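The values are calculated or read from the model by the stated rules, or taken from the named source; none is laboratory data. All figures in this text were calculated on a predicted structure; none of them were measured in a lab. Positions of Cβ are backbone-derived with ideal geometry, glycine not excepted, and every protein chain shown enters the neighbour counts.
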Amino acid sequence: MRQTAIDLYSGCGGMSAGAAIAIPDLEIKWALDIDRNATTTFKKAHPEGLVDCCDVSLVSATDVIERAGIEKIDWFFAGPTCQAVSTMGVFHLDDPRNALFVHFIRLLDGFTAAGRRPQRVVMENVPGVVYGKNLIIVKELFKLFEDRGYHVFADVVNMADYGLPQLRNRFILIATVDPVRATFPKPTHAAEAGRGLPRYVTVAEAIGDLSAPVSRDGKASTALPAAPTEFQRFVADTNGEIENHWCNTLTDLNRKRISKVPQGGSWKDITPELLPDRFRRVRLTDYATLYGRLHEASPAYTISAGFGNVTSGCFTHPLQDRPLSVREGARLQGFPDSFEFSGPRGMQYRQVGNAVPPFFMTKLIPHLLNGTEGVKARITMDALADGKKLPPMVKRFTGKKNDSERARDGYGGGTYWPAGWGEPIAADAVAANGYRLNDIPLRYRRRDEWRVSRDQFHDQDIVKVYEEQLAAAGFGPVVAVPLLKEGKVDAIDRAVVQIIATLSAEGGAFDVDVPVRYLRARIKLLHEKLVESNAPRLPAIQSLEDDEIVRFGSGGSRVRFARLVFEESGLITGSDNRGPHLVLQVASKLPEENVDGAKNRVAAG
């Protein structure tokens with residue numbers, strides 16, 4: 001029987017593409033992403049599958065099973081959007097984008113309840129998910145998987161170790177029903193010679209045959225060398241005709257800027273009169289890749305969604321004064337040339353940069369299937385439970401090549417004195433001034449205030465939802481609120497506000513067991529905003545029993561008990577809404593310990 005897979009937050013389908021190459025008869029049954037162009041690309045690659053383009057909060061497992069004809073799920077791939085945990089932002093655990101983790105577990109539970117328990121789960125995210133407070137998310141994911149009977153382990157892997165021509169570090173989590181070794185594949189490449197492995201695959205090896213100028217139609221011809229490497233054979237899987245070989249157009253000024261940058265160089269090779277003023281305020285140790293030019297003899301830096309913009313990273317072609325083309329980025333991401341991207345050029349760049357490299361998946365999937373000897377995973381339940389810090393997850397790349405006259409090769413080769421800044425200042429003097437040329441006050445974008453300003457609630461929308469529910473609220477042993485995405489209010493936030501309004505209309509005191517940390521956080525934040533907006537009849541809330549219980553109303557009156565969980569199907573009499581619901585289950589008293597059945601329906605924060 002053919003193995004089957006589903007792909008949540010699929011993007012253009014990098015995980016599925018690699019898995020389908022590793023398992024030739026793999027059947028991709030269903031995928032979901034909110035990006036229309038990405039889902040069009042996915043559908044082109046997997047025409048037999050059902051591909052949904054919508055908000056995940058609108059989808060229920062039972063409905064997916066029926067529409068996609070899913071009889072079993074061997075593989076569940078998922079790549080939740082990473083902005084809320086990226087190292088480029090603040091560690092803000094209550095960011096509503098972390099709800100993507102909630103919906104992932106919600107759907108996992110829904111498939112399991114319907115008799116389609118996924119046998120293997122592969123989740124990908126940025127390394128930032130293991131840093132600082134974000135590690136709470138990882139710990140909760142581990143606990144939730146183990147509570148559901150899965151064997152779970154994870155690590156941050158550098159995909160260059162497996163032959164990808166790119167320094168791409170990513171968090172990979174594996175959960176399996178059957179016990180497997182908690183290992184990842186052994187590396188096939190090394191940063192330096194002398195370990196018995198070939199050195200990292202270089203930019204030249206990956207895109208050297210795409211030397212023809214880019215064209216308006218994105219078409220080009222290629223020719224492999226007489227003795228192609230493994231990676232070259234993998235990506236060049238057509239007859240030499242390729243698509244998507246086009247790039248963004250540069251302004252004359254930006255073309256003049258990058259013309260000054262040698263291979264491996266950056267903005268520091270551009271004279272001040274050509275640079276934006278902001279570069280007079282940066283630190284020498286920061287932004288070492290802006291306006292950067294790739295070096296043929298090194299792997300690429302991380303290919304991001306914005307790799308078509310030479311001003312935002314090391315995305316300039318090593319030999320030509322232009323950005324990387326979409327196809328060149330796809331090569332560096334380990335996509336075969338036969339994989340075509342749909343949509344406007346800018347959306348193609350985004351699809352490529354956000355994808356999980358298929359080439360890496362062709363290394364991971366066989367390892368998980370065959371149980372071959374590998375490298376022990378560094379993130380396990382035992383490692384998370386002992387209270388110690390995790391070991392350093394990312395190794396610095398020390399083999400950087402730089403052809404700048406002011407630079408040197410190796411680690412730190414990007415911190416050289418910028419062109420046109422006059423005579424270099426002594427290192428200790430620069431260090432004393434925070435590695436800056438002058439003492440203009442720094443702006444700290446990572447402070448909580450900056451991220452919180454991006455997480456403002458839309459006051460009127462929330463108050464309107466509250467007041468409408470307050471007027472219409474009914475109450476019973478089960479209060480089921482469908483997850484609906486309307487206007488600017490997040491679907492889970494809308495449901496939480498409606499639950500708060502329902503309890504306000506009922507009155508009295510309730511101790512509500514809220515097993516989902518994310519839901520507890522949103523309840524508090526939404527309640528605060530409603531208080532600020534003078535919402536009527538709003539009860540006070542407080543946390544009890546290590547924050548597991550949220551008390552609504554005064555404890556002086558008779559206290560009733562309830563549990564707040566997710567359910568997959570409609571529970572409201574007369575409603576034809578078959579989507580997911582947030583459900584308040586009223587009970588005579590709270591159980592002494594979590595009920596397993598209910599516990600298995602909750603999701604991670």
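Go over the candidates Thr183, Thr188 one by one and state the one that is surrounded by fewer than 18 Cβ atoms within 10 Å (Cβ to Cβ), touching a residue at least 12 places away in the same chain (Cβ under 8 Å), closer than 30 Å to Ala377 by Cα and under 29 Å from the mean Cα position of the chain (by Cα). The match here is Thr188.
Please list, ordered by first then second residue, the pairs with beta carbon atoms under 8 Å, 6 or more apart or interchain, first in region 150-173 and within 24 Å of Pro118 (Cβ to Cβ), second part of a strand (DSSP E or B) and aromatic (Phe, Trp, Tyr). From residues that are within 24 Å of Pro118 (Cβ to Cβ), the pairs are Ala154/Phe171; Asp155/Phe171; Asp155/Phe184; Val156/Phe171; Val157/Phe184; Ile172/Phe184; Leu173/Phe153.
Of all residues in region 31-63, count the ones that are aromatic (Phe, Trp, Tyr) and either at pLDDT below 95 or in the same structural domain as Ile492 (by TED's automatic domain parsing) (or both).
Number satisfying all stated conditions: 0.
So is Arg522 part of a helix (DSSP H, G or I), within 24 Å of Ala472 (Cβ to Cβ) and either modelled with pLDDT of 90 or more or under 30 Å from the mean Cα position of the chain (by Cα) (or both) or not? Yes: the conditions hold for Arg522.
The residue of region 22-44 that is nearest to the chain's Cα centre (by Cα), among those that are surrounded by fewer than 21 Cβ atoms within 10 Å (Cβ to Cβ), in contact (Cβ under 8 Å) with a residue 24 or more places away in the chain and outside any strand (DSSP E or B), is Asp35.
Scan the helices (runs of 4 or more DSSP H) fully inside region 317-383 and keep the ones with 1 or more residues being assigned by TED's automatic domain parsing to the domain that holds Pro179 and touching a strand residue (DSSP E or B) at 6+ places or on another chain (Cβ under 9 Å).
Qualifying helices (runs of 4 or more DSSP H): 358-370.
Residues in region 251-268 that are without any contact (Cβ under 8 Å) to a residue 24 or more places away in the chain and surrounded by 15 or more Cβ atoms within 10 Å (Cβ to Cβ): 0 in all. Report, by residue number, each residue of region 479-517 that is assigned to a helix (DSSP H, G or I), more than 24 Å from the chain's Cα centre (by Cα) and hydrophobic (A, V, I, L, M, F, W, C). Once the filter is applied, which keeps residues that are assigned to a helix (DSSP H, G or I), more than 24 Å from the chain's Cα centre (by Cα) and hydrophobic (A, V, I, L, M, F, W, C), region 479-517 yields Ala495, Val496, Val497, Ile499, Ile500, Ala501, Leu503, Ala505.
For region 2-21, give me the residue count where each residue is more than 22 Å from Leu108 (Cβ to Cβ) and either surrounded by 24 or more Cβ atoms within 10 Å (Cβ to Cβ) or touching a Lys or Arg at 6+ places or on another chain (Cβ under 9 Å) (or both).
Of region 2-21, the ones more than 22 Å from Leu108 (Cβ to Cβ) are 12, 17, 21.
Next cut, either surrounded by 24 or more Cβ atoms within 10 Å (Cβ to Cβ) or touching a Lys or Arg at 6+ places or on another chain (Cβ under 9 Å) (or both) only: 12, 17.
Within region 2-21, residues that are more than 22 Å from Leu108 (Cβ to Cβ) and either surrounded by 24 or more Cβ atoms within 10 Å (Cβ to Cβ) or touching a Lys or Arg at 6+ places or on another chain (Cβ under 9 Å) (or both) number 2.
Close contacts from region 543-562, counting a first residue that is assigned by TED's automatic domain parsing to the domain that holds Gly476 and a second that is at pLDDT below 90 and part of a loop (DSSP other than H, G, I, E, B), with Cβ to Cβ under 6 Å and a gap of 6+ residues or different chains, come to Phe561/Lys589; Phe561/Leu590.
Assessment of region 425-439 against the conditions (aliphatic (A, V, I, L, M) and modelled with pLDDT of 85 or more) yields no matching residue.
Looking only at region 506-531, filter to residues that are among the charged types (D, E, K, R) and under 22 Å from Glu140 (Cα atoms); which one of those is surrounded by the fewest Cβ atoms within 10 Å (Cβ to Cβ)?
Taking region 506-531 as the starting set, the residues that turn out to be among the charged types (D, E, K, R) are 506, 511, 513, 517, 520, 522, 524, 528-529.
Narrowing further to those that are under 22 Å from Glu140 (Cα atoms): 513, 517, 520, 522, 524.
On the way: Asp513: 22, Arg517: 21, Arg520: 20, Arg522: 24, Lys524: 16.
Filtering first and then ranking leaves Lys524.
Of all the numbered requirements in (1) touching a Leu at 6+ places or on another chain (Cβ under 9 Å); (2) surrounded by fewer than 18 Cβ atoms within 10 Å (Cβ to Cβ); (3) in a loop (DSSP other than H, G, I, E, B), Ile136 misses one, and that requirement is (3).
Just one of (1) under 22 Å from the mean Cα position of the chain (by Cα); (2) of a type in the set (D, E, K, R); (3) surrounded by fewer than 18 Cβ atoms within 10 Å (Cβ to Cβ) fails for Arg168. It is (3).
Within region 296-307, which residues are buried (at least 24 other Cβ atoms within 10 Å of the Cβ) and in a loop (DSSP other than H, G, I, E, B)? Answer for region 296-307, where residues must be buried (at least 24 other Cβ atoms within 10 Å of the Cβ) and in a loop (DSSP other than H, G, I, E, B): Ser298, Pro299, Ile303, Phe307. Looking at region 236-249, I want the residues that are more than 23 Å from Arg350 (Cβ to Cβ) and have a partner that is among the acidic types (Asp, Glu) and not in a strand (DSSP E or B) with Cβ atoms under 8 Å, at least 6 apart or on another chain. Which pairs are those? As it stands, the answer is Ala236/Asp209; Ala236/Asp337; Asp237/Asp337; Thr238/Asp337, since those pairs meet every condition given.
Which residue, of Thr271, Thr289, Thr285, Thr362, is among the β-branched types (Val, Ile, Thr), modelled with pLDDT of 95 or more and either under 18 Å from Gly13 (Cα atoms) or surrounded by fewer than 22 Cβ atoms within 10 Å (Cβ to Cβ) (or both)? Even if it seems obvious, please write down each step before you answer.
Values: Thr271 fails: modelled with pLDDT of 95 or more; Thr289 fails: modelled with pLDDT of 95 or more; Thr285 fails: modelled with pLDDT of 95 or more.
Step by step, each of Thr271, Thr289, Thr285, Thr362 is checked, and only Thr362 is among the β-branched types (Val, Ile, Thr), modelled with pLDDT of 95 or more and either under 18 Å from Gly13 (Cα atoms) or surrounded by fewer than 22 Cβ atoms within 10 Å (Cβ to Cβ) (or both).
Of all residues in region 1-21, those that are part of a helix (DSSP H, G or I) and either without any contact (Cβ under 8 Å) to a residue 60 or more places away in the chain or of a type outside the set (S, T, N, Q) (or both) total 7. Residues of region 271-279 include at least one that is polar (S, T, N, Q), in a loop (DSSP other than H, G, I, E, B) and either touching a residue at least 12 places away in the same chain (Cβ under 8 Å) or closer than 27 Å to Gly410 by Cβ (or both).
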